[in-house]
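What follows is a single structure, written as structure tokens, with notes after it.
The values are calculated or read from the model by the stated rules, or taken from the named source; none is laboratory data. Keep in mind that what you see is a predicted model, and the values were worked out from it rather than measured. Virtual Cβ from ideal backbone geometry, glycine too; neighbours counted across all protein chains shown.
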Amino acid sequence: MHDILALKELLREPKEVMITTHHKPDADALGSSLGLAGYLKKKGHRVTVITPSDYPAFLAWMEGNDDVLVYSEKNDALVQRIIAESQVIFCLDFSTLARINEMGPYIREAKGTKVLIDHHLEPEAFADLNFSNTSAAATAELVYDVIKAMGDGDMIDTSIGECLYAGIMTDTGSFRHPSTSKNVHLIIADLLQIGVNTSNIHRLIYDSSTELRLRFLGYALKDKLVVLHDYKTAYIAITADELKAYDSKTGDTEGLVNFALSIEGIVFAAVIIDRGQAVKISFRSVGNFSVNDFARKHFNGGGHRNAAGGMSLEPLDATVAKFESLIPLYKDQLLSSTSK
Ligand code: 5GP
Ligand code: MN
């Protein structure tokens, strides 16, 4: 928080502000962005939230969602103009500009003051002000802490609180990951105090599946799950045709990887999906085994020690073969990574 005085100074007068977050925003990415946007608007700033891609429909209830600008080739010129004209550019829930696709170079070259608020490992040094804390459970937790440190805690209303709650709830795996600190619980107590309907948010996010999504989950677990007991590893690979057959929408595969990780004794899980332009991979682990390192080293990705993502431009089969061939190299690390 050592940049908080500079941030206070920066936001003293109403400014043109833009906020962006990572590709395929999840609840923390969008929730922290819209929570911050709600607060900055209350302070009199003009705020535009731009996402580098679309995001799941189960996040659309958030206040401010209707004003989000989703980048596409068609609005490229408009996005470039907004970025160039912004006096302050907030970058939330990502640590490298590669995570925002086409918008990365525009932001790198932008003249506005860049403010990073993030909890991913190994942040790139591109911002002017940095609120990076890799031990924070969620970027939404950091946004809450920043608003408090600005002396504006009383500006957090239920709409802002709901957005922040969604980010913290999902990134902590509903308060079960080791990142779920005392600070997290104190924030949640405060959000309850101001009237945030926590169980409703849980339902909006987790209990909004279509029938087909649930059947897809059943199919993936029954027919596609591969368990490599000798390496405490489990993975699921999904073809583009399977996504199509189940009419899979953005966000429909979220959480699938956690089922693979929930098998007793498994410490490393992956979901490998053919997304057409690229194969996307979600990695999860328990214990010391760092999926951040694994994703960085082999699949152009990164994230956190126990949750990371990556990609491959090779076909699905080749990507799965590469993944399988790497596993034995990590045998010792995997066997000593304890799930206890
Ligand atoms: P998920 O598997 O849910 O997409 O992502 C898990 C974590 O890894 C999230 O914190 C996400 O921001 C991060 N992540 C996902 N994909 C990538 C990627 O391609 N590169 C990097 N650096 N991080 C990623
Ligand atoms: Mn996050």
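Are any residues in region 162-209 polar (S, T, N, Q) and either within 16 Å of ligand 1 (Cβ to nearest atom) or closer than 15 Å to G255 by Cα (or both), and if so, which ones? T170, T172, S174, S179, T180, S208, S209, listed by residue number.
Take region 252-303 and flag every residue that is of a type in the set (A, V, I, L, M, F, W, C), farther than 28 Å from S132 by Cβ and more than 16 Å from the chain's Cα centre (by Cα). If the condition is that a residue be of a type in the set (A, V, I, L, M, F, W, C), farther than 28 Å from S132 by Cβ and more than 16 Å from the chain's Cα centre (by Cα), then F259, A260, I263, I266, I272, I273, V279 are the ones that fit.
Looking for whichever is modelled with pLDDT of 95 or more and away from ligand 2 (no atom under 16 Å from the Cβ) here; the options are G112, G173. Which one fits?
Working: G173 fails: away from ligand 2 (no atom under 16 Å from the Cβ).
G112 is the lone residue from the list that is modelled with pLDDT of 95 or more and away from ligand 2 (no atom under 16 Å from the Cβ).
When E13 is tested against the conditions (1) touching a helix residue (DSSP H, G or I) at 6+ places or on another chain (Cβ under 8 Å); (2) modelled with pLDDT of 95 or more, the lone failure is (1). Take the conditions (1) surrounded by fewer than 23 Cβ atoms within 10 Å (Cβ to Cβ); (2) more than 17 Å from L225 (Cα to Cα); (3) at pLDDT 95 or above; D317 misses just one of them, which is (2). Kindly check whether there is at least one residue in region 252-262 that is exposed (fewer than 14 other Cβ atoms within 10 Å of the Cβ) and not in a helix (DSSP H, G or I). Within region 252-262 (the criterion being exposed (fewer than 14 other Cβ atoms within 10 Å of the Cβ) and not in a helix (DSSP H, G or I)), the answer is yes, since at least one residue qualifies. Scanning region 90-109 for residues that are away from ligand 2 (no atom under 16 Å from the Cβ) and not in a loop (DSSP other than H, G, I, E, B) yields L97, A98, M103, G104, P105, Y106, I107, R108, E109.
For region 244-297, a tally of residues being more than 25 Å from A57 (Cα to Cα) and within 16 Å of ligand 2 (Cβ to nearest atom) returns 3. Of all the listed residues (R12, R46, R81), the sole one being free of Cβ contacts under 8 Å to residues at least 24 places away in the same chain and more than 17 Å from M103 (Cβ to Cβ) is R12. Take the residues in region 267-282 that are small (G, A, S) and not in a strand (DSSP E or B); name whichever of them is nearest to E242 (Cα to Cα). The qualifying residue nearest to E242 (Cα to Cα) is G276.
Considering region 1-89, the qualifying helices (runs of 4 or more DSSP H), each wholly inside and each with 1 or more residues that are within 16 Å of ligand 1 (Cβ to nearest atom), run over 27-42. Apart from one condition, A60 fits all of (1) more than 16 Å from ligand 2 (Cβ to nearest atom); (2) in contact with an Asp or Glu (Cβ under 6 Å, 6 or more places away or on another chain); (3) within 22 Å of H202 (Cα to Cα); (4) not aromatic (F, W, Y); the exception is (2). Entry remark, region 284-300: residues being closer than 18 Å to S312 by Cβ and part of a strand (DSSP E or B) number 1 in total.
Restricting G112, G104 to residues that are more than 27 Å from V196 (Cα to Cα), small (G, A, S) and within 16 Å of ligand 1 (Cβ to nearest atom) narrows the list to G104.
In region 67-119, the residue that is surrounded by the fewest Cβ atoms within 10 Å (Cβ to Cβ) out of those that are among the acidic types (D, E) and farther than 22 Å from G302 by Cα is E73.
Taking the listed residues S312, S337, S282, S290, the one that is touching a residue at least 24 places away in the same chain (Cβ under 8 Å), among the hydroxyl-bearing types (S, T, Y), farther than 14 Å from Y235 by Cα and within 16 Å of ligand 1 (Cβ to nearest atom) is S312, with no other qualifying.
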